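What follows is one structure encoded as structure tokens, with my remarks underneath.
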Amino acid sequence: MFSITKSTESANSKNAAKPCCYRASCHADAGFCSDCGDPLVRCAAFDECGGLLDDDGCCSVCFSPELVLATQQFRQARVGDSVQIPLKLLNHSAVGRPVFVRGVWTRESGGPWIEAELAWQRVEAGQARELVVSAESIAKSGNHVVDIVIAIESRWQWRTETFAFSSSIRIDIADKKGDVIVNQNISTSAAGNQTGVTISSPVKIYNDDNSASQTDGVVEIQPLVRATVYDQVFGFRGTSNDFRVKRNAVFSWSGFSKTQTPAASAIVTHDGLLRFGRSRTKRQGGEGDVRILVNRNDGEVDVELSQAISREHFYLFIQNNRLQLRVVSPHGVTVDGKTIESGQVCSLKNGSKIHPLPSHPSRLELTTSFEIEHGNVVKVVVSKTQ
Ligand SMILES: [Zn+2]
Ligand SMILES: [Zn+2]
């Protein structure tokens, strides 16, 4: 008998945020857990999902995908031909957040990755979309493995996070003589998010010339899991310099007065943005996170030039394990000599120089320096010079 097994593990279980931190995050202003003291690293979509991020920066509320074999849709295929494997991607997001599939790749027996064709991107919460992957190498008896990588995105306003998830399908075909036919006429229900379900199906593999001598086989799909290794391989996350700026990287400040910045910590704002501008900071009773003003040579504030800084001038945030800057000021910002217009986003490097006032670069300059350990940026030092 051919059987299909379905796995039980959750796609997101890696170092998820603790219950105490979830309780603490209910207070919109809280930056740290009052129980364990950890920084509350919120999902960009926290206003909608209420999610905290795991070690990989993934929100388990927004990302709850499951990949199953689409039963009732296998077709008869002669072994030696390619076999089309119908799958369903389910979105179990409990808060109604859609996910978007950026691409699906498959590989057989360690061969090259081949991108599957997709006619859709968006998967609403509580819904499933179908996709088909090809297995070419089923001609021989034995153990066939089709690896699958799926790039899944969550979107929030103008922000996008992409994560690689992986699974594999194992197709065992017992020894046989001559051609075989995989008669894939599965009629059991594998739908939904039941866990621990093993589905025995009426799928049979049997010889072409002698259907009496049936052979046994197994189709098994592994759980869809986060696959950080493919984030890097496919370039979804991280930088070309081979390091990652994770969401729990600590930001510390140099050249600012104490009330002009938040305390040194991971970004703990409710939407994951650090707002730079002329506004007073939260420590000063304002709305901003980092106050940037222009100083004169004698150290006093240059009131006139500081007026050219918008109340919200730019944001710093971490997305896809990269440090990003988005310009809000209508006059643009210069980063490493390049003008970034209002609404545009650019990546910051170790040693990047930001000139908030492009026409007066010598009067206000910010530098981002990274402290890197084992490929992870553990600290971002933002220095202000003039
Ligand atoms: Zn806690
Ligand atoms: Zn979320």
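What's the ranking of 143-156, 238-251 by average number of surrounding C-beta atoms within 10 Å, highest first? Don't skip to the answer; put the middle values down first.
Values: 143-156: 20.7, 238-251: 18.6.
So the order, starting with the most tightly packed, is 143-156, 238-251.
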*Simple spin-label estimate for Lys338 and Ser240 in nanometres, 7 Å along Cα-Cβ*: 0.9 nm
*asked:* If you count only protein heavy atoms and use a 1.4 Å probe, how large is the accessible surface of Ser168, to the nearest 10 Å²?
replied: 30 Å²
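Can you give me the % of accessible surface on the range 230-332 that is carbon or sulfur? Probe 1.4 Å, all protein chains present, nothing else counted. It would help to have the intermediate numbers written out before the result.
Values: 1960 of 4470 Å².
Roughly 44 percent, rounded to a whole number.
Given the peptides 326-333, 26-33, arrange them by the average over their residues of other C-beta atoms within 10 Å, most packed first.
Working: 326-333: 18.8, 26-33: 13.5.
Per-residue Cβ counts within 10 Å, averaged per peptide and sorted highest first, yield 326-333, 26-33.
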*asked:* Based on C-alpha coordinates, I'd like the Rg and Dmax of the range 244-385, in Å.
replied: 14.1, 45
*What are the aspartates and glutamates whose alpha-carbon lies under 20 Å from the alpha-carbon of Lys18, with same-chain residues fewer than 8 places away excluded?*
Glu9, Asp29, Asp35, Asp38, Asp47, Glu48, Asp54, Asp55, Asp56, Asp271
*Lys and Arg at +1, Asp and Glu at -1: add these up for the other residues within a Cβ distance under 11 Å of Val99 and post the number.*
+2
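Rounded to the nearest whole Å², what accessible area per residue is found for the range 244-385 with the 1.4 Å probe? Could the numbers behind the result be given before it?
On the way: 6290 Å² over 142 residues.
Result: 44 Å² per residue.
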*Go ahead and run the numbers for FRET between Ala116 and Glu287, Cβ-Cβ distance against an R0 of 51 Å, rounding to 0.05.*
0.65
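For the pairs Lys338/Lys379; Lys246/Lys384; Lys353/Lys384; Lys353/Lys379; Lys349/Lys384; Lys282/Lys349, note any where the Cα-Cα span goes beyond 20 Å.
On the way: Lys338/Lys379 25 Å; Lys246/Lys384 23 Å; Lys353/Lys384 10 Å; Lys353/Lys379 17 Å; Lys349/Lys384 16 Å; Lys282/Lys349 27 Å.
Beyond 20 Å: Lys338/Lys379; Lys246/Lys384; Lys282/Lys349.
Just the number, please: percent antiparallel of the DSSP beta bridges in the range 244-385, rounded to the nearest 5.
Among the beta bridges of the range 244-385, antiparallel pairing accounts for roughly 75 percent.
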_Net charge contributed by nearby residues that have their C-beta within less than 15 Å of Leu364 (K/R +1, D/E -1)_ = +2
_the range 244-385, relative contact order [Cα under 8 Å, separation at least 6], %_ = 23 percent
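Using packing as a proxy for protection, rank 267-275, 334-342 so that the peptide with the highest average count of other Cβ atoms within 10 Å comes first. Could the numbers behind the result be given before it?
Working: 267-275: 20.3, 334-342: 14.4.
The peptides rank, most packed first, as 267-275, 334-342.
Could you work out the local net charge near Arg247, counting Lys and Arg as +1, Asp and Glu as -1, over the other residues with Cβ closer than 13 Å to its Cβ? Numbers along the way, then the final one.
Values: positive: Arg42, Arg159, Arg237, Arg244, Lys246, Arg322; negative: Asp38, Asp54, Asp55, Asp56, Glu161, Asp271.
Every neighbour counted, the sum reads 0.
The values are calculated or read from the model by the stated rules, or taken from the named source; none is laboratory data. Note that the structure is a prediction, hence the values are computed from the model and not measured. With ideal geometry, Cβ positions are generated from the backbone for all residues, glycine too; neighbour counts draw on all protein chains shown. We work out accessible area using only protein heavy atoms, side chains counted, and drop any ligands, DNA or RNA first. Shrake-Rupley method; radii C 1.70, N 1.55, O 1.52, S 1.80 Å.
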